[in-house]
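The structure under discussion appears below in the form of C-alpha cells.
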Amino acid sequence: MSAIIIDGVAMAKQVLAEQKARADKLAQQARPPGLAVVLVGDDQASAVYVRSKERACRDAGVRTFDTRLPATTTEAELLQKVDALNRDPQVHGILVQLPLPAHINAVTVLQRIALAKDVDGFTWRSLGALLDGHPNLAPCTPSGSMLMLERSGVPIAGRHAVVIGRSSIVGKPAALMLLERNATVTICHSRTTDLAAMTRQADILICAIGRSRMVTADMIKPGAAVVDVGINRSADGKLCGDVDFDAVRERAGWITPVPGGVGPMTVAMVIANVITAAERTIG
Ligand code: NAD
C-alpha cells in the first residue's frame, strides 16, 4: 500500500485563492487587510520565513507593513513598537518573528500583542480561548495540519490521534483541535517511555518533534494519517521532517511531505487569520 500524499503546496495555493476573494471584498469596502511583520536582528532563517510570508500576503491581496529593527533594539523599544501597531487601524495582524535576540524576553513581547491582532495565536489569551473551545485566532501550524486532514477526507471523530510534541505553538494546540473534533487524543513527548507502543495505536499521528526522520515505518499503524510538522536538516544537509517519509509512505494511508507539506499551509493560515481579524473590524 502506498499512502496518499497530502500536497501542502497545492492545498495552500487553493487556500490562498480563497483568501484573495475575501481580501478583495474587504478592499472594495475600503478596508484592505494588513499584516505587520516585525523582524529584530539579522537571523538569516528568519529573514527567509518573513520573505515567504510577505510574498504570500502579496498574492492574497494582504498589505504588509514591514518593521526591521537592529539587533541592538531594547525590549522597551520593541514593546513601544508593538503598542504602536496595536493602535494602528490599518494593521489587522501582528507577527513578531522568533527568535528574538537573547536580551529580549520573547514571552513579554508576544503577550503584548492585542488579542484581536494575534494572528499567530500565541498569546495566553488566544491559547486559553482555544482550550475553552472558543478559538480567537488559532495557531497556524496546527490549524493548517487540521485543514490538511479535513480536506483530504481523513476521518477524525472517534479516532485515536497521537501527537508527538507538547510545545505551546504546535503539540498542545494540535491536541486541543483534535479533541474539539471528537478524536481521542494522546500526547507523547521526550519522557514518554515506549513511544512506538503509543504511535502504533494512532489512526492519526501528528509529529512535531524536531528530530530528523525519527518516526520509522514500524511505528505506524497500517492506513494511518501521518502529519509531519518537523523541519530539520539531515546529515546530508537536506531539508527533512520528523518522519522517515520513503518507508512510512508504504505503510500509512495518508502522509504529508517535507518540504511541501505543513510549512506552506502554515503561511496560508496566517493569512486567513489576518483576513478574519480584518473582517471582524467591520462586523
Ligand atoms: P519544541 O522543541 O518546542 O518541541 C518539541 C517537542 O518534541 C517537545 O515537546 C519534546 O518533548 C518532544 N520531543 C523531543 N524529543 C523527543 C523524543 N525523542 N521522543 C518524543 N518526543 C520528543 O518544537 P516545536 O516548536 O513544537 O516544533 C517542532 C518541530 O516542528 C520543529 O522541527 C520545528 O522546526 C517544526 N515546526 C514547523 C512549523 C511549520 O510551519 N511546518 C512550524 C512550527 C514548528
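The values are calculated or read from the model by the stated rules, or taken from the named source; none is laboratory data. On a predicted model such as this, the values are computed, not experimentally measured, just so you know. Here the Cβ positions follow ideal geometry from the backbone for every residue, glycine too, while neighbour counts run over all protein chains shown. Accessible surface is based on the protein model in full, side chains and every heavy atom, while ligands, DNA and RNA are left aside. Shrake-Rupley method; radii C 1.70, N 1.55, O 1.52, S 1.80 Å.
Put simply, of Val226, Val243, Val274 the only residue that is more than 9 Å from the ligand (Cβ to nearest atom), under 16 Å from Pro142 (Cα atoms) and within 19 Å of the chain's Cα centre (by Cα) is Val226.
In region 85-113, how many residues are in contact (Cβ under 8 Å) with a residue 12 or more places away in the chain, of a type in the set (Val, Ile, Thr) and within 16 Å of the ligand (Cβ to nearest atom)? The number of residues fulfilling the criteria is 1.
Within region 66-86, restricting attention to residues that are in contact with a Pro (Cβ under 9 Å, 6 or more places away or on another chain) and surrounded by 13 or more Cβ atoms within 10 Å (Cβ to Cβ), which residue is nearest to Arg112 (Cα to Cα)? Across region 66-86, the extreme among qualifying residues is Thr73.
Counting the residues of region 176-205 that are more than 9 Å from the ligand (Cβ to nearest atom) and touching a residue at least 24 places away in the same chain (Cβ under 8 Å) gives 17.
Filtering Ala252, Ala247, Ala235 for residues that are surrounded by 22 or more Cβ atoms within 10 Å (Cβ to Cβ) and either of a type in the set (Gly, Ala, Ser) or touching a residue at least 40 places away in the same chain (Cβ under 8 Å) (or both) leaves a single hit, Ala252.
Taking the condition open to solvent by 40 Å² or more (accessible area, probe 1.4 Å) and within 21 Å of Val267 (Cα to Cα), does Lys221 pass? When the stated conditions are applied, Lys221 does not pass them. Here the condition is being aliphatic (A, V, I, L, M), open to solvent by 10 Å² or more (accessible area, probe 1.4 Å) and either within 11 Å of the ligand (Cβ to nearest atom) or not in a helix (DSSP H, G or I) (or both); of Ala116, Ala138, it holds for Ala138 alone. For Gly8, the conditions (1) open to solvent by less than 60 Å² (accessible area, probe 1.4 Å); (2) under 27 Å from Leu100 (Cα atoms) all hold with the exception of (2).
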